[in-house]
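Undergrad: For reference, the structure I am asking about is given below.
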Amino acid sequence: MFRLARKCVPFTPLDRELAKSTVAIVTAAGVHQKNQPGFNIADELGDLTFRAINNEVNSANLMVTHHHYDHTDADQDINVVFPIDPLRQLLADGFIGEIAAEHIGYMGYTMQLKKMYEETAPQIAEYIDKKTRADIVVLTGGCPEVCHRTIVAVQREIEMRGIATVLITVSPEASRQMRPPRALYPNGFKIGNALGRPLQPNLQKQVLRDAISLLKEAPRPGEIITREYPAYLQISQLQE
Amino acid sequence: MALEIGDSAPDFELKSHHEGKAIKLSDFRGKKNVLIAFYPLAFTAVCSAQIPSYEADLSRFEDHDTQVLAISVDSVPSHSAWAKSLGGITYDLLSDFEPKGAVAKEYGVYREGAGISERALFVIDKEGKVVYKEVHEISKQPDNEVIFDVLRKL
């Protein structure tokens with residue numbers, strides 16, 4: 001059986017305008033609806049299941065079940081790892097055309113990497129392909145090492161199905177080894193703050209907009225683009 | 001003295017986490033290339049990502065006619081328990097336990113004082129020669145694609 005080397009980076013160009021494109025979110029940060037069962041954090045091998053998150057859900061009705069990163073900020077504002085409200089703002093601005101009917105949350109930490117790569121990642125890609133009508137998928141990780149690797153495995157599977165993707169990574173060294181088709185690294189953002197800090201809606205929107213814009217800028221596949229966000233770092237300095 | 005590229009890889013016999021079975025490097029001479037992955041300790045963060053990454057890529061190593069052997073100073077029971085906690089490791093985790101770190105010392109990758117080995121990778125070709133050596137920053141997981149680049153050229 002032929003197996004694609006990770007050095008070979010799948011890449012789907014985005015043919016349509018952003019303003020006419022439908023966008024979905026996939027996160028490894030353990031996000032799910034409060035009325036859905038949480039991920040099994042009692043099993044140290046991890047949980048290979050995923051949850052479909054309805055687009056109509058109020059962001060206050062989302063939560064995180066994940067025990068391998070500090071999700072205190074996401075508990076306060078889910079948009080720091082799952083940017084559903086900034087996405088709605090970009091829709092209202094006319095920057096994107098539509099939001100997908102469903103998004104995906106899973107807990108990216110697992111010791112069952114082979115199953116994650118060969119079963120869960122293709123299953124998530126198939127769900128995105130067949131159920132969401134997405135043209136673009138924005139992805140985020142959770143924990144620093146494993147999540148930021150498995151999310152790229154999912155990203156590559158989605159890209160191979162002809163859907164353009166962009167990862168927002170806050171663990172670029174881990175993500176880079178897996179060769180993401182496209183990725184943005186907001187320089188200096190800590191684990192659990194893929195989009196910024198809680199209650200920084202303008203910053204979250206800016207990061208998301210920049211990530212989606214990479215789909216039209218055609219960086220070299222596998223390259224991670226670093227951007228500076230002084231608004232994030234200024235708050236960091238104030239807190240220190 | 002540190003082992004260098006082009007040197008003959010010192011033979012060793014160590015016990016595997018698979019029921020303590022003895023594994024000799026020379027068993028693979030003339031048959032398979034060998035990736036030897038020295039790692040610091042079982043049940044630690046980076047090792048717990050690195051070791052399953054070889055399991056996930058095992059079929060690609062097999063495509064390149066390569067056996068993976070991972071070595072640390074942990075005991076056989078410790079390796080067995082760890083492998084179970086990782087969901088099962090089918091290749092061999094070898095115990096460089098007694099005398100402690102003897103193989104790591106012979107390969108020049110033992111951290112005196114710390115009592116552990118470096119995070120170091122060696123590729124040994126079928127003739128038993130070292131064709132690749134890299135001592136990694138201990139907090140960083142090595143990139144398997146670098147190894148596949150080496151194996152592709154053997």
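Undergrad: For an R0 of 25 angstrom, estimate the FRET efficiency from the Cβ-Cβ distance between B:Ala81 and B:Ser59 and round to the nearest 0.05. Intermediate results must be reported in sequence, preceding the final value.
TA: Values: r = 26 Å, r/R0 = 1.03.
Calculated value: 0.45.
Undergrad: Can you tell me the relative contact order of chain B? Whole percent, Cα pairs under 8 Å, sequence separation 6 or more. Provide the component values of the computation, followed by the final result.
TA: Values: 282 pairs, mean separation 49.8, N = 154.
Once normalised by length, the contact order is 32 percent.
Undergrad: Of the beta bridges DSSP finds with both residues in segment A:18-239, what % are antiparallel, to the nearest 5?
TA: 35
Undergrad: Can you tell me the mean projection area, over all orientations, of the convex hull of segment A:174-228's alpha carbons? Units nm², please.
TA: Values: hull surface 15.3 nm².
Quarter of the Cα hull surface area: 3.8 nm².
Undergrad: Based on Cα coordinates alone, diagonalise the gyration tensor for segment A:6-95, multiply each eigenvalue by 5, take square roots, and list the semi-axes in whole Å, largest first. Write down the numbers at each step before the final one.
TA: On the way: eigenvalues 139, 77, 27 Å².
Each semi-axis is √(5λ); the values are 26, 20, 12 Å.
Undergrad: Follow-up. Could you state the per residue volume, in Å³, of the convex hull enclosing the Cα atoms of segment A:85-188? Please list the in-between numbers first.
TA: On the way: hull volume 10.7 nm³, N = 104.
Normalising the Cα hull of segment A:85-188 by residue number yields 103 Å³.
Undergrad: Could you work out the relative contact order of segment A:87-206? I mean the mean sequence separation of Cα pairs under 8 Å and 6+ apart, divided by the number of residues, in percent. Working shown, then result.
TA: On the way: 174 pairs, mean separation 26.3, N = 120.
Rounded, it is 22 percent for segment A:87-206.
Undergrad: With every atom except the alpha carbons ignored, what do you get for Rg and Dmax of segment B:13-152, in angstroms?
TA: Cα only, segment B:13-152: 13.6, 39 Å (Rg, Dmax).
Undergrad: On alpha-carbon atoms, Rg over Rh for segment B:9-79 using Kirkwood Rh? Don't skip to the end; give the middle numbers.
TA: Working: Rg = 12.4 Å, Rh = 13.0 Å.
For segment B:9-79, the value is 0.95.
Undergrad: Please state, as a whole number in µm²/s, the translational diffusion coefficient that the Stokes-Einstein equation yields for segment A:115-157 at 37 °C and 0.692 mPa s, with Rh defined as the Kirkwood radius across alpha carbon pairs.
TA: Using the Kirkwood radius from Cα pairs, D works out to 306 µm²/s.
Undergrad: Using Cβ counts within 10 Å as a stand-in for footprinting exposure, how do B:Cys47, A:Cys147, A:Cys8 rank, fewest first? It would help to have the intermediate numbers written out before the result.
TA: Numbers: B:Cys47 22, A:Cys147 29, A:Cys8 12.
Going from sparsest to densest Cβ surroundings: A:Cys8, B:Cys47, A:Cys147.
Undergrad: Calculate how many DSSP beta bridges within the protein assembly as shown are antiparallel, expressed in % of all such bridges and rounded to the nearest 5. Don't jump to the answer; show the numbers that get you there.
TA: Details: 29 of 59 bridges.
Just about 50 percent of them are antiparallel.
Undergrad: In square nanometres, what is one fourth of the surface area of the convex hull spanned by the alpha carbons of the protein assembly as shown?
TA: Details: hull surface 80.7 nm².
If you wrap the Cα atoms of the protein assembly as shown in a convex hull and average its projections, you get 20.2 nm².
Undergrad: On alpha-carbon atoms, Rg over Rh for segment A:128-240 using Kirkwood Rh? Don't skip to the answer; put the middle values down first.
TA: Working: Rg = 13.9 Å, Rh = 14.3 Å.
When Rh is taken as the Kirkwood radius, the ratio is 0.97.
Undergrad: So, one more: Using only the Cα atoms of segment A:18-239, each taken as one equal point scatterer with no solvent, compute I(q) by the Debye sum, divide by I(0), and report log10 of the ratio at q = 0.12, 0.13, 0.15, 0.17 Å⁻¹.
TA: Log10 I(q)/I(0), no solvent term: -0.54, -0.64, -0.88, -1.18.
Undergrad: I want the antiparallel fraction of DSSP beta bridges within segment B:1-151, as a percent rounded to 5. Provide the component values of the computation, followed by the final result.
TA: Values: 19 of 29 bridges.
That works out to approximately 65 percent antiparallel.
Read-outs: derived from the displayed coordinates by stated rules, not from any lab. Since the structure is predicted, the reported quantities are computational estimates derived from the model, not experimental observations. As a convention, Cβ positions derive from the backbone with ideal geometry for all residues, glycine included, and neighbour counts pool all protein chains shown.
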